[in-house]
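Student: Dumping the structure here so I can ask a few things about it.
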Amino acid sequence: LAWIWLGGLYVAGIVLWGVFLSWGGINFGFKDWALITGPRLAFLENALRTGQLPLHISDSATLGGITDRFLAIPDQILSPQILLLLFSSIGRFVFENVTIQYSLGFAGLLWLRRRFSLSLFSFTVLFLLFNFNGDILGHYSVGHATWGGYFLFPWFAVLVISFIDGEHGWGWIAKISLLMLAIFLQGSLDRKS
């Protein structure tokens, strides 16, 4: 029964994110969807489809007017998932990317559930608070698609707990470094922080 509940939560989360993101039918005509995220993803899509490196963007306004060098701005989605842009529309890519990140985050939450022996009720509250709080929903609603690294935070907690439990050394350092790299490649490095 517990696994059925957890599976239901997982599927419900995908459905709720799907509805929230209109299953990829995102309106790219307002806020950061129009000014930043849409143009950046369109530039990446074009670079991938033409087989070019995404080095210089013609409209530097989408990079904050700081530079025209696309890779100089740290909050870019550069993870392997960008290859999905070859097969998906930009809106659909955003939904697919959120689904991948959400799935990784859910796995991390399951690890925390097992580690702390959380009841189904406690886990459900944790699941809802983590995945559907106002902060993450607010950021995605205005076009901050680079917040996908947020979903990897349970794995940061897992690594901190394993460190407290006595896992030290180069293996732990490699794990935390790979996690930080994964978060960075999601574009989840805000230059204003």
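Student: So if I take the centroid of the Cα atoms in the stretch 39-106 and the same for the stretch 158-192, what is the distance between those two points in Å?
Tutor: So the separation of the two Cα centres works out to 23 Å.
Student: What angle do you read, to the nearest 10 degrees and between 0 and 90, between the alpha-carbon axis of helix 170-185 and the longest principal axis of the chain?
Tutor: 40
Student: At a 1.4 Å probe radius, carbon and sulfur cover how many percent of the accessible area of the chain? Please report the intermediate quantities before stating the final value.
Tutor: Working: 7160 of 10210 Å².
In the chain, the share of accessible area belonging to carbon and sulfur is 70 percent.
Student: Sticking with this one: Could you report the chain's accessible area per residue, 1.4 Å probe, as an integer in Å²?
Tutor: About 53 Å² of surface per residue is accessible.
Student: Determine the order of I36, I164 by accessible area, beginning with the largest, at a probe radius of 1.4 Å. Please list the in-between numbers first.
Tutor: On the way: I36 50, I164 130 Å².
If we order I36, I164 from most to least accessible, we get I164, I36.
Student: Net charge near F28: determine it from the other residues with C-beta under 14 Å of the C-beta of F28, scoring Lys and Arg +1 and Asp and Glu -1. Each step should come with its number before you reach the end.
Tutor: Numbers: positive: K31, R40, R92; negative: D32, E45.
Within the 14 Å Cβ shell, the charges total +1.
Student: Give the long-range amide H neighbours of H56: residues separated by 5 or more places, or on another chain, with amide H under 5 Å away, using H modelled in the peptide plane at 1.01 Å from N.
Tutor: Close amide H contacts, sequence-distant or interchain: F70.
Student: For helix 2-20, report the angle its Cα long axis makes with the longest principal axis of the Cα atoms of the chain; keep it between 0 and 90° and round to the nearest 10°.
Tutor: That works out to roughly 20 degrees.
Student: For the stretch 109-193, which trypsin sites (Lys or Arg not before Pro) are in a loop by DSSP, counting at most 15 other Cβ atoms within 10 Å? Mind showing how you got there, number by number?
Tutor: Numbers: sites: R113, R114, R115, K175, R191, K192; in loops: R191, K192.
Here the trypsin sites (Lys or Arg not before Pro) that fit, given the DSSP loop and packing criteria, are R191, K192.
Student: Who wins for biggest fluctuation among L21, L104, L120 in a Gaussian network model of the chain, springs between alpha carbons below 10 Å?
Tutor: It is L120.
Student: A further question follows. Near D165, within a Cβ-to-Cβ distance under 15 Å, what is the net charge of the other residues, with Lys and Arg +1 and Asp and Glu -1? Walk me through the numbers on the way to the answer.
Tutor: Values: positive: R114, R115, K175; negative: E167.
With Lys, Arg at +1 and Asp, Glu at -1, the neighbours total +2.
Student: Angle between the Cα long axis of helix 90-116 and the longest principal axis of the chain, 0 to 90 degrees, nearest 10?
Tutor: In the chain, helix 90-116 runs at an angle near 20 degrees to the longest axis.
The values are calculated or read from the model by the stated rules, or taken from the named source; none is laboratory data. Quick caveat, the model's predicted, so the values are computed rather than measured. FYI the Cβ positions are ideal-geometry reconstructions off the backbone, even for glycines, and counts take in every protein chain you see. Accessible surface is based on the protein model in full, side chains and every heavy atom, while ligands, DNA and RNA are left aside. Shrake-Rupley method; radii C 1.70, N 1.55, O 1.52, S 1.80 Å.
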